[in-house]
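Remarks on the structure that follows.
Each reported figure results from applying straightforward, stated rules to the coordinates on display, with no laboratory input. Bear in mind the structure is a predicted one, so any value in this text is a computation, not a measurement. Here Cβ is always computed from backbone atoms with ideal geometry, including for glycine, and neighbour counts include all displayed protein chains.
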Amino acid sequence: MMTPMRYVVLVLAIVISLHYILSFTHEGYGQVTSISNLKSQWSAGRPPYKTPVPDEYYVSDNVTAPSGRKANAAIVMLARNSDLNGIVISMKQMEDRFNKKFRYPYVFLNEEDFTDNFKNRVTELTDAQVEFGLIPREHWYQPDSIDEAKASAARANMVKNNVIYGGMYRNMCRFNSGFFYRHPLLDKYRYYWRVEPDVKFFCDLDYDPFLIMQDQNKVYGFTVSLYEYEATIPTLWQAVKEFITANPDLVSPDNAMAFLSDDGGESYNRCHFWSNFEIGDLNLWRSESYMKFFEYLDNKGGFYYERWGDAPVHSIGAALFAKKEQIHFFNDIGYRHEPFQHCPQGEAHSKGKCWCDPAQNFDYEWYSCLARYDKMFS
Ligand SMILES: Nc1nc2c(ncn2[C@@H]2O[C@H](COP(=O)(O)OP(=O)(O)O)[C@@H](O)[C@H]2O)c(=O)[nH]1
Ligand SMILES: [Mg+2]
């Protein structure tokens, strides 16, 4: 039995549907919604959505930096072919949040040839130039000077003790510490932004961070800082101290030792900048001081006998050889690399239209070193 109420609803539905169908036949609604137009597209043998939206519908997004100035910079990604899906996630966000406007070139590096599939998928994400570089063998693989028996025993021991990445990543850490900036594809650049697979960029970046680096004479930029695992660097600080004693003139007078050490350099507090995000000046790493420093560390063998990471090595290098004012915290770049994130607070959050929850922010968590960075300037 149909209740009066149901009857009214049914009649109304019929009337509305009729009105809708009739409106389609009215040519005045514009070509795209007219039945005759849809029909002609169907008769062409394909559904309408397969006809591309005409060019004139697109609003161009060619807004560049206010003055049109650009830095001499590139976005650099070290990646395996198997990292492709994670790379695409990171790169799409880079483009959407920032690089669509600024069009900085990308440089991809790998110790193996990138596959055509890898190259095609990343190239189609951007209008900027994309280059793919093969890492020279001698920049990547374990040098002959390393005693493999000793190195493999160290790896096995770390695996046994559940040290994170205890058995892997030696070549990658050594390459990032001392070789990425020597790749011929980077020769022509002064600044770089390091990006890893599977990261998140939470906010619109409407200014050019490379120009900030250049104009303000910064050499190293970070978003997250934290403590290193002691088990990966048992003898690193001893090597650093030896280097400083042997080369006192190379250390910057206005250095950031206070970020690294709470006792004037005697011991390392394990603070470092998280190097999966870096915006830096390649000349810092190309400098005589850093090159000598890396060579000194490399000769110790700690990249293989322990698991020295590029994060503490870069951080110590930047802190010793730059002025502390040249190390920049990019507060307005909302960023996540599992499992930590920097979410801009307050005005920076709204200005960047950030989508991270401001309550989830690593800045002053107990495991963060940002307070030590702040303190250097207080
Ligand atoms: N070409 C190449 N890239 C690597 C290799 N191992 C790691 N990477 C890259 O090095 C970076 C760090 O590796 P990832 O797996 O993100 O390490 P995690 O962030 O410490 O967990 C990423 O950009 C990886 O794509 C490798 O064996 N070959
Ligand atoms: Mg990573």
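Just to verify a number: FRET efficiency for Y165 and D263, C-beta to C-beta distance, R0 = 30 Å, to 0.05? It comes to 0.55.
Of all GluC sites (Glu not before Pro) in region 94-180, which ones are in loop regions per DSSP and have a Cβ with at most 14 other Cβ atoms within 10 Å?
Numbers: sites: E95, E111, E112, E124, E131, E138, E148; in loops: E111, E112, E124.
Counting only loop positions with at most 14 other Cβ atoms within 10 Å, the GluC sites (Glu not before Pro) in region 94-180 are E112, E124.
In summary, the aspartates and glutamates within cross-link reach of K70, defined as a Cα separation below 14 angstrom excluding same-chain residues under 8 places away, comprise D206, D208, D215. Loop-located chymotrypsin sites (Phe, Trp or Tyr not before Pro) in region 200-238 (DSSP state not H, G, I, E or B) with no more than 14 neighbouring Cβ atoms inside 10 Å: Y207.
For region 73-375, go through all pairs of different Cα atoms, get the mean of 1/r, take its inverse, and jot down that Kirkwood value in Å. Please list the in-between numbers first.
On the way: mean 1/r = 0.0503 Å⁻¹.
Computed over Cα pairs of region 73-375, the Kirkwood hydrodynamic radius comes out at 19.9 Å.
Sequentially through region 294-307, phi angles give Karplus couplings (6.51, -1.76, 1.60; θ = phi - 60°) of 4, 4, 4, 5, 4, 5, 6, x, x, 5, 10, 7, 10, 9 Hz, Gly and Pro residues having no value and appearing as x. Rounded to the nearest 20, the size of the Cβ-charge dipole of the chain about its Cα centre is 860 debye, with Lys and Arg at +1 and Asp and Glu at -1.
Ordered by the count of other Cβ atoms within 10 Å of each Cβ, fewest first, T126, T245 give T245, T126.
Here is the short version for the chain: C173 have no other Cys C-beta closer than 4.7 Å.
Rounded to the nearest 0.05, what FRET efficiency do W355 and N85 have when you use their Cβ-Cβ distance and R0 = 30 Å?
Numbers: r = 21 Å, r/R0 = 0.70.
Here the calculated transfer efficiency is 0.90.
The order of S225, S90, going from fewest to most other C-beta atoms within 10 Å of their C-beta, is S90, S225.
Determine the alpha carbon to alpha carbon distance for each of K100/K200; K50/K100; K218/K300 and list only those over 23 Å.
On the way: K100/K200 16 Å; K50/K100 26 Å; K218/K300 30 Å.
Distance filter (> 23 Å) returns K50/K100; K218/K300.
If you take the beta carbon distance between D215 and T235 as r and set R0 to 35 Å, what does 1/(1 + (r/R0)^6) give as a FRET efficiency, to the nearest 0.05?
Calculated value: 0.30.
Calculated [222 nm] ellipticity per residue, helices only, for the chain: -11000 deg cm²/dmol; basis is -39500 (n - 2.57) per DSSP H run with n ≥ 4, divided by all residues, nearest 500. Scattering from region 278-378 was approximated by placing one identical point on each alpha carbon and applying the Debye formula without solvent; log10 I(q)/I(0) at 0.17, 0.24 1/Å stands at -0.94, -1.28.
Farthest towards the positive end of the charge dipole of the chain, among the residues P54, N276, C203, is the Cα of P54, using unit charges on the Cβ of Lys, Arg, Asp and Glu. In a simple Cβ point-charge model (Lys, Arg +1; Asp, Glu -1; nothing else charged), region 108-151 has a dipole of about 100 debye relative to its Cα centre. In a fully extended conformation the segment linking D198 and M376 would gain 60.9 nm over its present Cα-Cα distance, using 0.36 nm per residue. Stokes-Einstein diffusion of region 62-210 at 37 °C, 0.692 mPa s viscosity, Kirkwood radius from Cα pairs, rounded to a whole number: 192 µm²/s. For GluC sites (Glu not before Pro), the sites in region 215-315 that DSSP calls loop and that have at most 14 other Cβ atoms within 10 Å are E266.
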